[in-house]
Structures are given as C-alpha cells and as structure tokens.
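Heads up: the structure comes next, in structure tokens.
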Amino acid sequence: MSSITAQVTAGGGRIVIPAEIRRKMNIHCGDQVILSYHDGELHIATRKQRLQQAKAIVKAYAGEISLAEQLAAERRAEIIQLR
C-alpha cells in the first residue's frame, strides 16, 4: 500500500484527498464517502465499495440463491395456504 501525506487545515479540520487517490477510488466532486475509525486508523470508502462489500457478504452466506426470488416464492406459498 502506498502512502501520501495530506495536511489537516484550520476551519473544521479539513483534509484534501489527493487527486491520485481520488482517481484510483473514482471519487468526484460532490460524492459522499464513508469514514470509519478502526484501531487508531481512519479508513475512507465510497458508497459503491461498501455496497460491493455488502453484496459479497450476502453472497458468501446465500450462495447463488436469489434472495428476491426466494422471498417471492415464500410469499406465493403463503398466499396459496391462505386460500
């Protein structure tokens, strides 16, 4: 992992994310990023990265099953039982 130094500025403790990192992370003006603090370190992620991580976690537990299709099938079965 490469490191780049950034300076905390006055006026709210702002940090400018260097252009090289913004390009690598596909961050553009106006984008929101997610900041998290773990073990004394600040981590920055985009919403897209977090969504991909969440999908990977769900896929690890659900496998190739479509949870939407499974839910729809359960609802159809419930409707049939009510009739």
> Counting just the residues of region 58-83 that are surrounded by 10 or more Cβ atoms within 10 Å (Cβ to Cβ) and closer than 30 Å to K24 by Cα, which one comes out nearest to the chain's Cα centre (by Cα)?
Replying inline: V58
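Does E20 satisfy the criteria of being loosely packed, with under 11 Cβ neighbours inside 10 Å and within 25 Å of S2 (Cα to Cα)? Break it down stepwise before answering.
Working: loosely packed, with under 11 Cβ neighbours inside 10 Å: yes; within 25 Å of S2 (Cα to Cα): yes.
Against the criterion (loosely packed, with under 11 Cβ neighbours inside 10 Å and within 25 Å of S2 (Cα to Cα)), E20 qualifies.
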>> With under 18 Å from S2 (Cα atoms), free of Cβ contacts under 8 Å to residues at least 24 places away in the same chain and not in a loop (DSSP other than H, G, I, E, B) as the only criterion, which of L51, L71, L42, L35 stands out?
In response: L42
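Can you find a residue that is in contact with a helix residue (DSSP H, G or I) (Cβ under 7 Å, 6 or more places away or on another chain), modelled with pLDDT under 90 and not in a helix (DSSP H, G or I) anywhere in region 3-10? Quick ask: steps written out before the conclusion?
Start the filter on region 3-10 by keeping residues that are in contact with a helix residue (DSSP H, G or I) (Cβ under 7 Å, 6 or more places away or on another chain), which leaves 4.
With modelled with pLDDT under 90 added as a condition, the list becomes 4.
After this cut, where a residue has to be not in a helix (DSSP H, G or I) as well, the list is 4.
Yes, region 3-10 contains at least one residue that is in contact with a helix residue (DSSP H, G or I) (Cβ under 7 Å, 6 or more places away or on another chain), modelled with pLDDT under 90 and not in a helix (DSSP H, G or I).
Tell me which residues, restricted to region 7-58, are within 30 Å of Q70 (Cβ to Cβ) and among the aromatic types (F, W, Y). First the steps, then the outcome.
Looking only at region 7-58, we keep the residues that are within 30 Å of Q70 (Cβ to Cβ), and these are 34, 45-58.
Across region 7-58, there are no qualifying residues.
Take the residues of region 11-32 that are in contact (Cβ under 8 Å) with a residue 12 or more places away in the chain and in a loop (DSSP other than H, G, I, E, B): which is nearest to the chain's Cα centre (by Cα)? Can you show your working first?
The initial filter retains those residues of region 11-32 that are in contact (Cβ under 8 Å) with a residue 12 or more places away in the chain, namely 17-18, 20-21, 25-27, 31-32.
Next, from what is left, pick out any that are in a loop (DSSP other than H, G, I, E, B): 17-18, 26-27, 31-32.
Details: I17: 18, P18: 21, N26: 13, I27: 13, D31: 13, Q32: 11 Å.
Filtering region 11-32 for residues that are in contact (Cβ under 8 Å) with a residue 12 or more places away in the chain and in a loop (DSSP other than H, G, I, E, B), the one nearest to the chain's Cα centre (by Cα) comes out as Q32.
The values are calculated or read from the model by the stated rules, or taken from the named source; none is laboratory data. Just so we're clear, the structure is a prediction, and the values are computed from it rather than from any experiment. Every residue, glycine among them, receives a Cβ derived from its backbone with ideal geometry; neighbour counts consider all protein chains shown.
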